[in-house]
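Encoded as structure tokens, the structure appears first; notes follow it.
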Amino acid sequence: MEKFADEALIEVSSGSGGNGCVAFRREKFAPRGGPSGGDGGRGGDVIFEVRRNLRTLAHLRRRGFDAESGRDGEGRERHGRDGADVVVPVPPGTVLRDAATGELLRDFGKEPGRWVFLSGGRGGWGNVHFKSPVNQAPRKALPGQQGGSRKLRVELQVMADLGLVGFPNAGKSSLLDRLTNARPRIAAYPFTTKIPNLGVLSLGSAHYEDRRDIVIADIPGLIEGASGGAGLGIRFLKHISRTRALVFLIDLSDESWSGAFDIVYNELEAFSPELIRKKRLIVGTKLDLAGTAERLAELRAMFAPEPVLGISVFSGEGLPALAAAFSALAGEAEAAEAVGEAAAGEPVREETEG
């Protein structure tokens, strides 16, 4: 399976330059003054900016991004105002392609930075530039240079922040449906989920400057023997390796609840020891059912002092605390990943323009 790719089709346009002005001095003591037409202003640029607080391309969909055109020059050698740039914010890992040809235009890295994609048009010269000994009153000015326009396909290829793991019917798809914009298939029988579903938990302001997006993957249910190929085990485990941190969901209404964590943990370890070194959170589910509150207390005792949360997707119990825990876990996992990359000597990409 390919990496998670969020896509958006957008059109971007840089601003055109303002036109030069044809004007002459007409003052009381200079009725036949020379040329005084100012230059047009420069058009604004289209700039892509990587912002680490973004996780998706939802803010780009069905949108055009147009820089401002420069203003025309005026008399008395007044230059037109330059047009404002348009800044297109994108998450780390964004890839830009030409919408028509698929040509790769830019592969952004993980670090914040700015890149000028389309430069604005130059402003046209006013007639003050065309005065000469043989032409004292030029009536010539240049038009501003036209801005550019491109249609782009923007792709985001990034691993999920959190992966939900557990037995089939542990409540992973229901939780994803409740917390995020995903709409996974849900039914009361095993292996409803055949491929990972991805959703986005958005916390904070709806404005991209203040928003914290957490990508959550609903990994298809694991069974004992998955690392040896039982069920769809190998395929499932490969999906898990793309997540930054793991959330173990344990169905407290199941009679085998007490051994569920160990089975899933052992399958992860057998597939790759790297998986069990990921940061994790343990969550007991289905607290709305009889007897599960007592089992949650036992589960917490089993893993003390590690925090264990309890939730009910049906009643909503524990979901606000879980959302806050997801935010903290995703932040810790991202910070740990950055430390690991620095220790490995991964080069940091510097800000570039042009």
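The values are calculated or read from the model by the stated rules, or taken from the named source; none is laboratory data. Because the structure is a prediction, the values reported are computed rather than measured. Heads up, the Cβs are rebuilt from the backbone with ideal geometry, glycines too, and the neighbour counts pull from every protein chain shown.
Quick notes on this structure:
- Of residues in segment 1-35 being in contact with a Gly (Cβ under 7 Å, 6 or more places away or on another chain) and surrounded by fewer than 17 Cβ atoms within 10 Å (Cβ to Cβ), the one modelled with the lowest pLDDT: Glu27
- Conditions (1) under 17 Å from Gly171 (Cα atoms); (2) touching a Leu at 6+ places or on another chain (Cβ under 7 Å); (3) not small (Gly, Ala, Ser): number failed by Phe261: (2)
- Within segment 124-168, the set of residues being in contact (Cβ under 8 Å) with a residue 60 or more places away in the chain and of a type in the set (S, T, N, Q) comprises Asn127, Gln136, Gln145, Gln146, Ser149, Gln157.
- Matching residues, segment 94-153, being small (Gly, Ala, Ser), more than 23 Å from the chain's Cα centre (by Cα) and not in a loop (DSSP other than H, G, I, E, B): Ser132, Ser149
- The set of residues in segment 270-300 being assigned to a helix (DSSP H, G or I) and over 16 Å from Ile219 (Cα atoms) consists of Ala270, Pro273, Glu274, Thr292, Ala293, Glu294, Arg295, Leu296, Ala297, Glu298, Leu299, Arg300.
- Some residue of segment 263-273 being buried (at least 20 other Cβ atoms within 10 Å of the Cβ), out of contact with any helix residue (DSSP H, G or I) (no Cβ under 7 Å at 6 or more places or on another chain) and at pLDDT 90 or above: no
- Residue pairs whose Cβ atoms lie under 6 Å apart, separated by 6 or more positions or on different chains, with the first residue in segment 240-254 and free of Cβ contacts under 8 Å to residues at least 40 places away in the same chain and under 22 Å from Ala336 (Cβ atoms) and the second assigned to a strand (DSSP E or B) and of a type in the set (A, V, I, L, M), do not occur.
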